[in-house]
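Let me begin by presenting the structure, written as structure tokens, before commenting on it.
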Amino acid sequence: MRPIPTTGGSFEAALERLAALQPRPEFALQEAPAPQRLAPCTVAMTADMADPDSDLVSGRFVLLHDPDGVDEWDGSFRAVVFVRAELEGDLREDELLHDVGWSWVLEALDVRQCSVTQVGGTVTRTTGRSFGTMAERPADGFVEIRASWTPREDESGALVDDIAEHAGAWLDLMAHAAGMPPLPAGIATVHSRRARIRS
């Protein structure tokens, strides 16, 4: 594998676009440690509820890049996302939850018109009940969605889409899993002066 380039290149261009990403007001973004063994170039960020007293939903977005390309990815970039959201009572036992959860992933990519290949992932449901001295606690449940996909590149190796749209699809997935209404038309999600991700 090649050493990580320090200037120029498609990964640095992607970092600049991610640095401009602005989430909906309910979310707070933060750069996070990125996995170093999966690709020569990596960046990661997390999203949590802006309200510190709420843990309704949280997530993580990781962008991997290997300039030499990876056969399993069918490209040189790979987006990896994770979302964890609380489940309302009527959804905890819904037999279709796994299928619905996966449909949220595909819908988020479709709405953002992200050109992707090699899409895969899992949807996991966890539920819990308390007993004994803790029996008065209400039952709880969570859905966890893990997904990854390869953003398409053109013949020059540049991404076909703005990578910020792929990260935006992840944030849309978080909002959908949390039951938040879609943002009104015309609300911008990219801001040119924001720089949370290194560039």
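Residues that are at pLDDT 95 or above, among the polar types (S, T, N, Q) and within 17 Å of the chain's Cα centre (by Cα): which strands (runs of 3 or more DSSP E) entirely in the stretch 40-144 hold 1 or more of them? Steps first, please.
Details: elements: 41-49, 57-70, 75-86, 116-128.
Result: 41-49, 57-70, 116-128.
For the stretch 141-160, the criterion of being of a type in the set (A, V, I, L, M, F, W, C) and either without any contact (Cβ under 8 Å) to a residue 24 or more places away in the chain or at positive phi (or both) is satisfied by no residue at all. Could we say that ALA14 is touching a residue at least 24 places away in the same chain (Cβ under 8 Å), in a helix (DSSP H, G or I) and closer than 22 Å to ARG152 by Cα here? Considered against the rule, which asks whether it is touching a residue at least 24 places away in the same chain (Cβ under 8 Å), in a helix (DSSP H, G or I) and closer than 22 Å to ARG152 by Cα, ALA14 comes out as yes.
The values are calculated or read from the model by the stated rules, or taken from the named source; none is laboratory data. A quick note: this is a predicted structure, and the numbers were derived from the prediction, not measured. Reconstructed Cβ throughout: ideal geometry from the backbone, glycine too, with neighbour counts over all protein chains shown.
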